[in-house]
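Take a look at the structure set out below.
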Amino acid sequence: MRVGGCTISFTMEGYARKAVSQNRALKHRAIAMFRSVIATPVGPLQLGVDDDGVLLEILLPNRRHAGTSQSGTSAARAGARAAARQLDEYFARKRRVFELPLDPRGSPFEVRVWRRLSEIPYGATTTYGAIAKEFGLENGARAVGRANGLNPIPIVIPCHRVIGANGALVGFGGGLPLKQTLLELEGALLPL
């Protein structure tokens, strides 16, 4: 998928071909993951990539980190280095879009929401209700918010760019101060 000059690959393990019950089984199966921790201005982020170097998750500073991996395929190590480099560029305000292979695992609805999040431009925001309305879901803001909160690759899939209907900062797994910091970094909010 091409979004704002960025190629984001959502490898969905054949979600279109499998029943919902099979999707749930895929979501919970064990995956070999290479983990590394990077220092950022907002605290340590733990990156999880698969053996092919595809980014599977980012754990924010307030999440329990599983520790780093001492080994991994060369593709996994290269994938982690690429993600770390692009995140460093993002925090230095030198990168507005990410060009990384991603494999966010979730239900078809969650993946649909995450794809939509990836379309929100740097420096812009939208609301949970606006996304629900785009999906044709009357009163679907909470469902969108729940999927948003389950985003396994925050920052790269910019769930922090979704705000409340009244413009308030609400619901971010990394905490509202981090959400505010990210939006200020992007120029979507004026610093307080």
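Computed from the coordinates by the stated procedures, all read-outs in this text should not be read as laboratory data. These numbers come from a predicted model, not from an experiment. FYI the Cβ positions are ideal-geometry reconstructions off the backbone, even for glycines, and counts take in every protein chain you see.
Relative to the Cα centre, what is the charge dipole magnitude of the stretch 52-192, using +1 at the beta carbon of each Lys and Arg, -1 at the beta carbon of each Asp and Glu, and rounding to the nearest 20 debye?
Numbers: 18 positive and 12 negative charges, 31 e Å.
Around 140 debye, computed over the stretch 52-192.
Restricting to Cα pairs below 8 Å that are 6+ residues apart, what does the relative contact order work out to for the stretch 107-186? Please round to a whole percent. Mind dumping the intermediate values first?
Details: 89 pairs, mean separation 25.8, N = 80.
Relative contact order here is 32 percent.
Is the stretch 107-186 rounded, prolate or oblate when judged by the Cα gyration tensor, a ≥ b ≥ c being the square roots of its eigenvalues, rounded requiring a/c under 1.5 and prolate requiring a/b larger than b/c?
Values: a/c = 1.63, a/b = 1.38, b/c = 1.19.
Prolate, since a/c reaches 1.5 and a/b exceeds b/c.
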**Report entry** FRET efficiency, residue 32 to residue 165 (Cβ-Cβ, R0 30 Å, nearest 0.05)
**Finding:** 0.15
Requested in this report: Please sort 149-156, 167-174 by packing, taking for each peptide the average over its residues of neighbouring beta carbons within 10 angstrom, highest first.
Outcome: 149-156, 167-174
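FRET efficiency for residue 63 and residue 99, Cβ-Cβ distance as r, R0 = 25 Å, nearest 0.05? Mind showing how you got there, number by number?
Values: r = 25 Å, r/R0 = 0.98.
The calculated FRET efficiency here is 0.55.
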**Report entry** C-alpha center-to-center spacing [the stretch 97-121, the stretch 129-164] in angstrom
**Finding:** 11
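May I ask you to sort 127, 73 by Cβ crowding, counting other Cβ atoms within 10 Å and putting the fewest first? The partial results should precede the final answer.
On the way: 127 19, 73 15.
In increasing order of surrounding Cβ atoms, one gets 73, 127.
In debye, nearest 20, what is the charge dipole magnitude of the stretch 107-186 about its Cα centre with +1 on Lys and Arg Cβ and -1 on Asp and Glu Cβ, if you could check?
On the way: 8 positive and 6 negative charges, 34 e Å.
Using Cβ point charges on Lys, Arg, Asp and Glu, the stretch 107-186 gives about 160 debye.
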